[in-house]
Amino acid sequence: MSEQKAVLIKDASATCPHGGGTPSPWLLRWTQAMAAGKSALDLACGTGRHARMLAARGMQVTALDRDAQALAGLSGLCEVVQADIEAGPWPLPGRQFELVLVSNYLWRPLLPTIVACVAPGGWLIYETFATGQQTIGRPSRADFLLEPGELLRACEGLRVVAFEDGFEGGDVGDKGQVNPRYVQRVAALREAPLTGVYQRYLLD
């Protein structure tokens, strides 16, 4: 792992205390993607607001970020991988997960790798800023803003269950208060071979 410029810390614990910020309502909508015992990758996880919640639900979570200080609070709660995925090699070669979560992060060269990490029957839940955000605040660089429909195109090969591309106001009622932003979101999965029983992907 040292050759990959990554540090891997494993722990058998599948649960963790609450805390670390409010999870994304977009992730919370797709409860069917968060089954206990299944594997999850929280990519660019920061301090782990989502990793903590997923682990508390009984998922086997891998939390990946380049910031060692941010990851420190997750040690012993889930599998922690410290790696600079923009400057170094992909630290999880060949691994797939039943849930791949990305929130507020974009590095275009990694989009095919992220999609490839979704296991058969697994979900990709992704949301981040989109073009237009530069008119109201940060991030403002085009490198960090999705072009119209870009996230949808990146999911080629997956079954898209839901996709949103638009502006979110500051007052979202019972979901709490968030800053206005331009955003794209997708919930997609890599369908397992059809067995004659059609799966019901609930629009929670």
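Quick notes on this one:
- Applying both filters, DSSP loop and at most 14 other Cβ atoms within 10 Å, to the trypsin sites (Lys or Arg not before Pro) of segment 40-113 gives ARG95.
- The share of alpha-carbon pairs in the chain lying farther apart than 31 Å comes to 16%.
- Taken over segment 86-172, the ratio of Cα radius of gyration to 2.2 N^0.38 Å equals 1.17.
- Among beta bridges that DSSP assigns inside segment 97-204, antiparallel share in %, nearest 5: 70 percent
- Projecting the Cα atoms of LEU28, PRO193, ALA83 onto the dipole axis of the chain, where Lys and Arg carry +1 and Asp and Glu carry -1 at the beta carbon, places PRO193 farthest toward the positive end.
- Counting neighbouring Cβ atoms within 10 Å and putting the fewest first, the residues TRP26, TRP107 line up as TRP107, TRP26.
- Exposure proxy shown here: for CYS155, CYS78, the number of other Cβ atoms within 10 Å sets the order, fewest to most, as CYS155, CYS78.
- For segment 113-156, the share of alpha carbon pairs falling in successive 5 Å distance bins from zero is 5, 20, 25, 18, 14, 10, 5, 2 percent.
- Note that segment 22-32 has calculated 3J(HN,Hα) couplings of 8, x, 5, x, 5, 5, 4, 5, 9, 4, 5 Hz, one per residue in order, obtained from phi through the Karplus relation 6.51 cos²θ - 1.76 cosθ + 1.60 (θ = phi - 60°); glycine and proline are x.
- Exposure proxy ranking for ARG29, ARG141, based on other Cβ atoms within 10 angstrom of each Cβ and starting from the fewest, stands as ARG141, ARG29.
- Looking at the chain alone, DSSP beta bridges between its own residues are antiparallel in about 50 percent of cases.
- Taking every DSSP helix (H) stretch of at least 4 residues in the chain, weighting each as -39,500 (n - 2.57) and dividing the sum by the residue count yields a mean residue ellipticity at 222 nm of -3000 deg cm²/dmol.
- Other residues with beta-carbon under 11 Å from the beta-carbon of GLN199 carry, at +1 per Lys or Arg and -1 per Asp or Glu, a net charge of +1.
- Dipole magnitude of the chain, debye to nearest 20 (Cβ charges: Lys/Arg +1, Asp/Glu -1, about Cα centre): 280 debye
Here, each number is a calculation from the coordinates, and none is a lab measurement. Computed from a predicted model, the values in this text were never measured in an experiment. Every residue, glycine as well, gets a Cβ built from its backbone with ideal geometry; the counts of neighbours run over all protein chains shown.
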